[in-house]
Amino acid sequence: MEYKLNTRGEVPALDISAMKIEEIKKMLAASEQVDEEILPVLARDSRSGVQKLYNKLINERDKGIREKERLKNILKYEDNCRSQGYRLIAGVDEAGRGPLAGPVAAGAVILPEDIEALTGVNDSKQLTAGKRKQLAEQIKEAALGWSVDLATVEEIERLNIRNASFLAMARAVDKLDVKPEILLVDGFIIPGVKIKQQAIVGGDAKSLSIAAASILAKVERDKIMEEYHALYPQYGFDKHKGYGTRQHIEAIMQYGPCPVHRRDFKPVRSYLDNRNGLFKDYY
């Protein structure tokens with residue numbers, strides 16, 4: 001917020017007593033961030049509308065402070081890598097280990113040191129679908145390098161879901177245009193990848209790079225499941241994305257599995273083995 005100096009070269013005290021509430025709203029909207037100088041002025045105004053604006057600004061300021069502190073905390077692994085001389089640090093994570101249908105997706109992201117544009121990036125499971133899509137675009141724009149790759153249903157059945165997840169992550173790393181110097185990986189070291197790695201249990205909530213990778217993987221996989229819904233609408237893939245919800249399991253009981261179902265996963269296998277009584281365990 002800009003203030004004009006008076007004839008003595010001083011900044012005069014802001015007087016909003018004669019301003020209407022809508023005028024004050026417009027004045028506040030013109031400021032890109034919470035102006036600490038306006039807060040005591042608003043606090044002294046007894047009008048209920050002004051007090052609502054004051055409380056809103058206080059909440060926004062405190063939210064911003066908390067978000068900065070959170071970002072500082074989830075950059076500690078990246079900061080530690082940089083203190084060791086690494087600059088190209090890739091976060092790696094997967095999405096889709098648990099569903100009964102569809103591929104497992106993996107993301108790899110190399111973020112710049114300046115990540116202010118990525119406020120709000122968090123474990124993909126903590127975000128709404130709309131927020132994930134919004135952040136995915138911001139991540140792609142800000143990243144030094146990013147990629148997403150898959151392991152198919154056939155590969156999941158052939159290798160098992162753990163090894164298929166490793167395969168998807170290895171593919172995502174290999175697909176990066178910029179070669180990373182070190183990987184921060186959610187959960188486990190990726191076998192066969194000849195780049196220094198650090199496994200972080202629960203990494204999607206502890207590392208910004210891993211959180212960014214989890215968002216890209218989740219958004220890509222959700223998109224694929226929505227495409228599968230167009231082919232097999234009876235299963236509701238657009239809603240549950242292949243996870244074992246009651247709706248999904250009842251659809252399998254009614255229609256049987258389709259080509260994108262993971263036939264080695266227990267509810268699907270139960271149907272194929274004609275042991276439908278096991279389905280009650282998933283309600």
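The values are calculated or read from the model by the stated rules, or taken from the named source; none is laboratory data. In this text, all values refer to a predicted model and were calculated from it rather than measured experimentally. Neighbour counts run over all protein chains shown; Cβ positions are idealised from the backbone, glycine included.
If you go through the range 165-210, how many residues are closer than 23 Å to Ile115 by Cα, among the basic types (Lys, Arg) and assigned to a helix (DSSP H, G or I)?
1
Could you identify the single residue in Leu42, Leu71 that is in a helix (DSSP H, G or I), modelled with pLDDT of 85 or more, touching a helix residue (DSSP H, G or I) at 6+ places or on another chain (Cβ under 8 Å) and not basic (Lys, Arg)?
After ruling out the rest, the residue left standing is Leu42.
Might you let me know whether the range 122-136 holds any residue that is modelled with pLDDT of 90 or more and closer than 15 Å to Ala90 by Cβ?
No; the residues of the range 122-136 include none that is modelled with pLDDT of 90 or more and closer than 15 Å to Ala90 by Cβ.
Looking at Lys218, Lys239, can you tell me which residue is surrounded by fewer than 15 Cβ atoms within 10 Å (Cβ to Cβ) and either in a helix (DSSP H, G or I) or not assigned by TED's automatic domain parsing to the domain that holds Ile89 (or both)?
After applying the criteria, what remains is Lys239.
Would you confirm, using the coordinates I've provided, whether Ala230 is surrounded by 15 or more Cβ atoms within 10 Å (Cβ to Cβ) and assigned to a helix (DSSP H, G or I)?
Judged against the criteria, Ala230 is not a match.
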